[in-house]
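Structure first, commentary second.
Only the coordinates and a few stated rules stand behind these numbers; no lab work does. Keep in mind that this is a model prediction, so the values were computed, not measured.
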Amino acid sequence: MVRNPEYCSTVDVADWLGIDINANTDPNTTMVENFIMDNEDVIDDETGHTWLTKRQYTETFNVSDIYDYGRGMYLPIKHHDIKPWSAADGDLFELWDGQKWVVQTIDEPVDTFVNFDKDKGAIHIRGYIYTIIRKSRFRFTYRYGGTREVVDGQTIPRDIKKACKLLTCIDILSRDFKMSQIAYGGEGNVDKASMIDKWEKQVKKIIWNKSEILTVY
């Protein structure tokens, strides 16, 4: 499947910079879209979360000594806002049998063998508390992401959209073009260095506010 930009668009970037972006400009549409997708990954890596439509993650777990009676063995996965379980979309629960990973069948809805706390990002497994194999016993592949706050139907928060847009504008201003559409220097024109510095500070603040804080115990 071909990936497309989601956090912002070439139109957003063009409007912010006040330039034209199309297949024949420098930068062109393809170049800016690649900048955007690169910056989506940067934002996801630095926040520890994603607002992309499809993002999948695989984690391996040892057998835990924490057992919540009534729910099962507690495994704290890295991400929250887990998507509803769907084997058709690539979600997997695998068990190491000593020689290979064996895919386990999970009923839908998941309410028996494995229980997902979708919002908090936690998995509970019934059984296996006294299993002999304890290292790298379980492997999960799951989809996650999104936001709990939807404003006017928008699933990409406005600040994340702005961060991606500013990062993309920084990419554009950080390279030289043969026929630049942006006027640098002189009265009334853009001071590139100060503009980049200002945008970087805004992006850092947004990413800090949206970053995940993981508690390890």
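Could you work out the Kirkwood radius for the range 3-74, taking every pair of different alpha carbons, averaging 1/r and inverting it, reported in Å? Display every interim value, and only then the final one.
Working: mean 1/r = 0.0650 Å⁻¹.
Result for the range 3-74, one decimal place: 15.4 Å.
Would the range 44-119 count as rounded, prolate or oblate if I go by the C-alpha gyration tensor, calling it rounded below 1.5 in a/c and otherwise prolate when a/b exceeds b/c, oblate otherwise? It would help to have the intermediate numbers written out before the result.
Values: a/c = 1.44, a/b = 1.33, b/c = 1.08.
Verdict is rounded for the range 44-119.
Cross-link candidates for LYS205: which lysines have Cα within less than 25 Å, leaving aside residues fewer than 8 places away along the same chain?
LYS78, LYS120, LYS161, LYS162, LYS165, LYS192
Would you kindly derive the ³J(HN,Hα) couplings of the range 203-208 from the backbone phi angles with the Karplus curve 6.51 cos²θ - 1.76 cosθ + 1.60 (θ = phi - 60°), listing them in order in whole Hz, with x for Gly and Pro?
Karplus-based 3J(HN,Hα) across the range 203-208 equals 5, 4, 5, 5, 5, 4 Hz.
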